[in-house]
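See structure below.
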Amino acid sequence: MKEELEVIVNLHMHTRYSDGSGAHKDIAAAALKAGVDAVIVTDHNVWTQGFEGYYKEKTKKTLMLIGEEVHDQARSPQKNHLLVFGAGRELATFADNPQRLIDQAREAGGLTFLAHPDDPAAPAFNETDISWEDWSAQNYTGIELWNALSELKTVVPTKLHGAFYAFFPALVARHPIPATVAKWDELLAQGRQVVAIGGSDAHALRLKLGPFARIIYPYEFHFRTVNTHVLLPAPLNGDVNADKKLIYEALAAGHCFVGYDLPAPTRGFRFTAQGLEKTAVMGDEIAAKGGVTLQAKLPSAAEIRLLKDGQVIQTWKNKMSCAHITAEPGAYRIEVYRRYLGKLRGWIYSNPIYMR
Ligand SMILES: [Zn+2]
Ligand SMILES: [Zn+2]
C-alpha cells in the first residue's frame with residue numbers, strides 16, 4: 001500500500017426498525033453534523049433495504065451502508081450477537097447456529113464481527129449479560145473490541161449511577177473491556193488474524209429517570225466518540241458500490257484502527273513496519289527475517305505502548321512518534337493513552353502487524 005487515505009467510519013447502530021429510536025435520516029443528519037465519512041447501520045435481525053447511499057448537506061456528504069446484527073431470539077439468554085456487513089442479503093434465518101451464520105455470510109461475500117464479546121448484566125436497568133459464548137466459532141473476520149454501550153453497562157451498578165452518566169456522557173468511555181482485549185490477544189496468540197473494530201451500538205433511547213428524560217445517547221454524540229478509522233488505497237469517489245467495496249475490503253484486511261475521538265481527534269494515527277523488502281500497515285503480514293522497523297505516529301503527543309503477543313514491550317510517554325527494531329516473529333500492536341477529564345483513557349487501538 002503506497003499512500004493511504006483515511007476515512008472515519010462509525011458502525012453498529014440501531015433505528016426504529018429494531019430497538020433504536022431514530023430513523024435512517026436522523027442517523028444521516030447526525031453523521032453529517034459529526035463529520036464522519038461513513039456509517040454502518042445494523043438493526044437486529046433485519047436487513048433494511050433502500051437506505052444505502054450518500055446523504056448530502058451543502059458541501060458535506062456521508063455514506064450510509066446497511067449491515068445487520070444477527071442473534072437467536074429463541075435462545076435464553078440472547079447471547080452471540082454477530083455483526084454482518086456487505087453480505088447483501090437477509091441472514092437472520094441462520095441465527096440459531098453461529099458457525100452456519102458466519103459461513104453463510106462469508107459465502108455471500110460478507111464480513112462478520114463478534115459484537116460486544118463481553119457485555120455484562122446491568123440489573124438496575126433489567127439488562128442481562130449478552131456476551132459472546134460460542135468461542136469455538138471459526139472464520140469470522142474479527143471482533144468488536146470496543147463497544148461504547150457495553151462499557152456503559154460496566155459503570156452503572158445503580159439507577160443513580162445511570163442518572164449521573166446520562167448527564168455526563170463524556171465520563172463513560174475509559175477503554176475497551178479488559179476481558180475483551182485479553183480474549184483478542186489469546187486469539188492472536190493462536191496464530192489467527194482477527195480484525196478489531198470499535199462500535200457505538202447507538203440506539204438513542206429515551207430513558208426516564210424520575211423527573212428527567214434523557215436520550216442515551218444521541219447518535220451525534222456517539223459519532224464523536226468511538227470510531228473505526230479505515231485506511232483506503234484510493235479515495236472514495238462518490239460511486240456507492242465502488243466506495244462500499246473499498247471500505248469493506250480495507251476492513252476485511254484489518255487496515256484500520258479504533259479511535260476514541262472525543263478527547264482529541266485520532267485522525268492521522270499510523271502504525272507501519274518497514275522490512276527488507278516491503279512496508280506493511282496495520283493488518284498486514286511481514287517477514288521477520290532480516291529485521292523490521294516498527295513505527296507509530298500520532299496526531300498529537302500521548303502515551304504509546306507497543307505490545308507483542310499481548311505483552312507491553314515498550315512504552316513512550318508524551319510522544320508523537322516512536323520506533324522499535326526487532327526480528328522476532330509475533331503479533332505487534334499499539335495502544336495509545338491520554339489524560340481526559342481526570343483519567344488516563346484509552347485513545348487509540350491499532351490492528352496488529354503480523355511478523356511471521
Ligand atoms: Zn447486540
Ligand atoms: Zn447492537
- line: Scanning the stretch 3-24 residue by residue, those over 19 Å from Glu249 (Cα atoms), in contact (Cβ under 8 Å) with a residue 12 or more places away in the chain and more than 16 Å from ligand 2 (Cβ to nearest atom) turn out to be none
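Every residue, every condition in (1) within 16 Å of ligand 1 (Cβ to nearest atom); (2) of a type outside the set (Ser, Thr, Tyr); (3) under 16 Å from the mean Cα position of the chain (by Cα); (4) farther than 20 Å from Ile8 by Cα, yes or no:
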residue: Pro176; (1), (2), (3), (4): yes, yes, yes, no
residue: Thr180; (1), (2), (3), (4): yes, no, yes, yes
residue: Val195; (1), (2), (3), (4): no, yes, yes, no
residue: Gly199; (1), (2), (3), (4): yes, yes, yes, no
residue: Leu209; (1), (2), (3), (4): no, yes, no, yes
residue: Thr225; (1), (2), (3), (4): no, no, yes, no
residue: Thr228; (1), (2), (3), (4): no, no, yes, no
residue: Gly238; (1), (2), (3), (4): no, yes, no, no
residue: Glu249; (1), (2), (3), (4): no, yes, yes, no
query: Restricting attention to the stretch 86-106, does a residue exist that is more than 16 Å from ligand 1 (Cβ to nearest atom) and within 17 Å of the chain's Cα centre (by Cα)?
result: yes
- prompt: For the stretch 61-74, how many residues meet the condition of being of a type in the set (A, V, I, L, M, F, W, C), over 15 Å from Ser18 (Cβ atoms) and either touching a helix residue (DSSP H, G or I) at 6+ places or on another chain (Cβ under 9 Å) or within 14 Å of ligand 1 (Cβ to nearest atom) (or both)?
  reply: 3
query: Taking the stretch 1-60, which residues are touching a Gly at 6+ places or on another chain (Cβ under 9 Å), within 16 Å of ligand 1 (Cβ to nearest atom) and farther than 16 Å from Ala115 by Cβ?
result: Thr15
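Does the stretch 55-63 include one or more residues that are surrounded by 23 or more Cβ atoms within 10 Å (Cβ to Cβ) and either polar (S, T, N, Q) or over 22 Å from the mean Cα position of the chain (by Cα) (or both)? Can you show your working first?
Here is the first cut: in the stretch 55-63, the ones surrounded by 23 or more Cβ atoms within 10 Å (Cβ to Cβ) are 62-63.
Still in the list and also either polar (S, T, N, Q) or over 22 Å from the mean Cα position of the chain (by Cα) (or both): 62.
Yes, because at least one residue in the stretch 55-63 is surrounded by 23 or more Cβ atoms within 10 Å (Cβ to Cβ) and either polar (S, T, N, Q) or over 22 Å from the mean Cα position of the chain (by Cα) (or both).
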- request: Report whether or not Ala301 is part of a strand (DSSP E or B), in contact (Cβ under 8 Å) with a residue 24 or more places away in the chain and more than 19 Å from the chain's Cα centre (by Cα).
  value: no
task: Could you tell me whether Thr141 is surrounded by fewer than 22 Cβ atoms within 10 Å (Cβ to Cβ) and of a type in the set (Val, Ile, Thr)?
output: no
field: Residue count for the stretch 76-97, restricted to those that are more than 16 Å from ligand 2 (Cβ to nearest atom) and either at pLDDT 95 or above or in contact with a Phe, Trp or Tyr (Cβ under 7 Å, 6 or more places away or on another chain) (or both)
entry: 9
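Select from the stretch 121-134 the residues that are of a type outside the set (Asp, Glu), more than 15 Å from ligand 2 (Cβ to nearest atom) and in contact (Cβ under 8 Å) with a residue 24 or more places away in the chain and write down the one among them that is nearest to Phe85 (Cα to Cα). Lay out the reasoning, then the answer.
Of all residues in the stretch 121-134, those of a type outside the set (Asp, Glu) come to 121-126, 128, 130-132.
Those left that are additionally more than 15 Å from ligand 2 (Cβ to nearest atom): 121, 123-126.
Next, from what is left, pick out any that are in contact (Cβ under 8 Å) with a residue 24 or more places away in the chain: 121, 124-125.
On the way: Ala121: 27, Ala124: 33, Phe125: 30 Å.
Checked the stretch 121-134; the qualifying residue nearest to Phe85 (Cα to Cα) is Ala121.
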- line: Subset of the stretch 146-202, residues away from ligand 2 (no atom under 15 Å from the Cβ), of a type in the set (D, E, K, R) and in contact with a helix residue (DSSP H, G or I) (Cβ under 8 Å, 6 or more places away or on another chain), comes to Lys159, Arg174
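Tell me, please, whether a residue that is part of a helix (DSSP H, G or I) and either among the polar types (S, T, N, Q) or crowded, with 16+ Cβ neighbours inside 10 Å (or both) can be found in the stretch 108-124.
Of the residues in the stretch 108-124, the ones part of a helix (DSSP H, G or I) are 123-124.
Next, only the ones that are either among the polar types (S, T, N, Q) or crowded, with 16+ Cβ neighbours inside 10 Å (or both) stay: none.
No, that holds for no residue.
The values are calculated or read from the model by the stated rules, or taken from the named source; none is laboratory data. What you are looking at is a predicted structure, and each value in this text was computed from that prediction instead of being measured. Counting neighbours? That spans all protein chains shown, and the Cβs are built from the backbone with ideal geometry, glycine included.
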